[in-house]
Amino acid sequence: MVEINLNTIKVNNKIQIRTLDLVWFMVIPLININYYIASTITKNGHNLATIFDKVMKFNSIFIIPYVYWYVYIVIGFIIILIQSRVNYMRTFLSFFIGMGICYCIYYIYPTEIIRPNIENSNVLNYLVNIIYSADRSVNCFPSLHALTTYFIMRYTKYEKNKKNFYYTQIVGSLIILSTVFIKQHFVADIIGAMVICEVIIYFMNKVSEDRIKKVLDIPYKIKDKIVANLKSKIKTKAIDSDEKKFFSRKI
């Protein structure tokens, strides 16, 4: 049974997660504001379609792994966190840098994909059309779906847990393929995302564990300062209250 308190989330005797380690998830939506800004200001984009995009025909079944991405990212991060807190932080830092690079490209070099007209003849097609209506067909290169998925795949270690490794690799591959099969992205978008990931991972691995731990400890230092300030204020109020009582008695 999972035990949750302010400091830790205890899954079992072997697995305990420090609650403040999860605060980094909050940064993702803040950075993602750029996606909506870029999508709004982009009127037309470049078409990066190749022969490979024509060969890979639309298939609505791939909407399942495409939507599952939202679950996969959370599970993937938790898996990495359980395996290694340092790698967990490396993954998040890689995420943030990769997303930043993608948004810069969206602003400078917008792309646009021509989507097929899909009839709502079944549930899967209906889900595809929901995605189409919610997400404009612009700013495809590089694919954020592929970029974030690939980071999870690369930072999950086989030697730590084989089952978790196979899960992230197989499901991750399906998610990346889904972006092309439901015509949300070009093949070039996936290749571009993977190249960016590999470059970021190469440099991120050169950052020492001590520096990564310092970043990982930022939420805890902020928490300690807040707690210290609160204690100081409570102590000051208590002293003021005692002084008032003392002088009131004298009077």
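Taking all protein chains as shown and a probe of 1.4 angstrom, Ser137 keeps an accessible surface of around 30 Å². Remark: accessible surface ordering of Leu93, Leu81, Leu174 (largest first) is Leu174, Leu93, Leu81, probe radius 1.4 Å.
Here the contact order of the chain, divided by its residue count and restricted to Cα pairs under 8 Å and six or more residues apart, works out to 25 percent. Rounded to the nearest 20, the size of the Cβ-charge dipole of the chain about its Cα centre is 1280 debye, with Lys and Arg at +1 and Asp and Glu at -1. Summing Cβ point charges (Lys, Arg +1; Asp, Glu -1) relative to the Cα centre of the stretch 34-167 gives a dipole of roughly 480 debye. Taking amide hydrogens as placed 1.01 Å from N in the peptide plane, the amide H of His46 sits under 5 Å from those of Thr111, Glu112, each at least 5 positions away in sequence or on another chain.
Here are a few candidate values for semi-axes √(5λ) of the Cα gyration tensor in Å: (i) 25, 23, 16; (ii) 41, 18, 14; (iii) 44, 22, 19. Which one was actually calculated from the structure I just gave you? Recomputing semi-axes √(5λ) of the Cα gyration tensor in Å here gives the entry labelled (iii). Taking Gln184, Gln16, Gln169 as the candidate residues, the one with maximal mean-square fluctuation in a Gaussian network model of the chain, Cα springs under 10 Å, is Gln16.
Rounded to the nearest 500, the helix-only mean residue ellipticity at 222 nm of the chain stands at -22000 deg cm²/dmol, with each DSSP H run of n ≥ 4 adding -39,500 (n - 2.57). Helices of the chain meeting both criteria, an alpha-carbon length of 15 angstrom or more along the long axis and an average Kyte-Doolittle score not below -0.5, with helices taken as full DSSP H segments, are 63-83, 85-108, 123-134, 144-155, 162-181, 187-204.
Taken as Cα centroids, the stretch 108-159 and the stretch 8-53 sit 13 Å apart, rounded to the nearest whole angstrom. Summarising the label geometry, the points placed 7 Å from Cα in the beta-carbon direction at Phe52 and Val207 lie 2.9 nm from one another. Within the full protein context, the accessible area of Val123 is estimated at about 110 Å² for a probe radius of 1.4 Å. Excluding ligands, DNA and RNA, the accessible surface per residue across the stretch 1-144 is 57 Å² with a 1.4 Å probe.
A straight chain from Ile31 to Asn7 at 0.36 nm per residue would run longer than the Cα-Cα distance by 6.0 nm. Ordered from highest to lowest accessible area with the whole protein assembly present and a 1.4 Å probe, Phe181, Phe151 read as Phe181, Phe151. Distant-in-sequence amide contacts of Thr8, defined by a placed amide H-H separation under 5 Å and a gap of 5 or more residues or a different chain, comprise Thr19. Out of the total accessible area of the chain (probe 1.4 Å, heavy atoms of protein only), what percent is carbon and sulfur? After summing per-atom areas, the C and S share lands at 64 percent. For Cys104, the accessible area of its heavy atoms, probed at 1.4 Å with every protein chain present, is near 80 square angstrom.
Positive end of the dipole of the chain (Cβ unit charges, origin at the Cα centre): among Tyr36, Ile152, Asn13, the Cα lying farthest that way belongs to Asn13. From the largest down, the stretch 82-143 spans 47, 34, 13 angstrom on the principal axes of its Cα atoms.
The values are calculated or read from the model by the stated rules, or taken from the named source; none is laboratory data. Everything quoted here is computed from the prediction, not taken from an experiment. Don't worry about glycine lacking a Cβ; one is built from the backbone with ideal geometry, like all the others, and counts go over all protein chains shown. For the accessible areas, the whole protein counts, side chains as well, though only heavy atoms, and no ligand, DNA or RNA atoms are used. Shrake-Rupley method; radii C 1.70, N 1.55, O 1.52, S 1.80 Å.
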